[in-house]
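Structure record follows, encoded as structure tokens.
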Amino acid sequence: MNRIANLDRTTSETEITGHIDLDGDGIARVDTGLGFLDHMLSALTKHAGFDLVLDATGDTAIDDHHTVEDCAIVLGRGIAEALGDRSGIRRFGYAYAPLDESLVRTVVDLAGRPWPEIHVAFDRERIGDVATENLIHFFRSFAIGARMALHVDLIRGDNDHHRAEAAFKSCALALREAVGRTGGGVPSTKGTLT
């Protein structure tokens, strides 16, 4: 069974198209108009083992908020759609990812119940063309869109770029584990997820 989904979201603020394959080779073609977001989404894709095409245009003349938020929403929804009823997956995943002095832990539950707990502190207001507060908002919107519990915790780190990248990479590795195929049924004692 192919675990793929088309990505599409059009609002008065953004227009996003693309597709995701959960069983890919970690290949990303991402163009959001925000260089740092492209960098983070490419890292997420690579380390999750997904293939991702994502093209976004947004009202970045105002700021980066809507583009970051809507990319997170559409990516999360794409993962939810590609997973279908979520049978035959591991469901849980966790990972630690360092980047030099920074270390981040992510724990994921793909049970269908969204709950973001994002605890990553930044010192700078921006990294490149993205507000650091919107990186936190990305993970929250992503968790809600994918209908997953997502816990991202910064353990240590001094450099904001390293903190952010370690967060995206640990999230990717946890997702890679959680979407892994087990060949079993629905991974719940209730017999259903959500």
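What follows is calculated from the coordinates using simple rules that are stated; it is not laboratory data. Since this is a predicted model, take the numbers as computed values, not measurements. Every residue, glycine among them, receives a Cβ derived from its backbone with ideal geometry; neighbour counts consider all protein chains shown.
Each peptide in 68-76, 43-51, 80-88 receives the mean, over its residues, of other Cβ atoms within 10 Å, and ordering these scores from highest gives 68-76, 43-51, 80-88. Here the Gaussian network model covers the chain, with springs between Cα atoms less than 10 Å apart; of Ile136, Ile20, Ile62, Ile62 fluctuates the most.
If you average 1/r over every pair of different alpha-carbon atoms in the chain and take one over that average, what Kirkwood value in Å do you get?
One decimal place: 16.4 Å for the Kirkwood radius.
Relative contact order, whole percent, for the chain stands at 26, derived from Cα pairs under 8 Å and 6 or more residues apart.
Among the DSSP beta bridges whose two residues both lie in the chain, what percent are antiparallel, rounded to the nearest 5?
Working: 33 of 42 bridges.
Counting DSSP beta bridges with both partners in the chain, the antiparallel share is about 80 percent.
For region 44-109, the relative contact order works out to 16 percent when only alpha carbon pairs closer than 8 Å and six or more residues apart are counted. Picking from Ile16, Gly112, Ala164, whose Cα lies most toward the positive end of the charge dipole for the chain (charges on Cβ: Lys, Arg +1; Asp, Glu -1)? Checked the options; the winner is Gly112.
In a simple Cβ point-charge model (Lys, Arg +1; Asp, Glu -1; nothing else charged), the chain has a dipole of about 1160 debye relative to its Cα centre. Scoring 7-17, 144-154, 97-107 by mean Cβ neighbours within 10 Å over their residues and listing the highest first yields 144-154, 97-107, 7-17. With R₀ set to 25 Å, the beta-carbon distance separating His119 from Arg90 gives a calculated FRET efficiency near 0.55.
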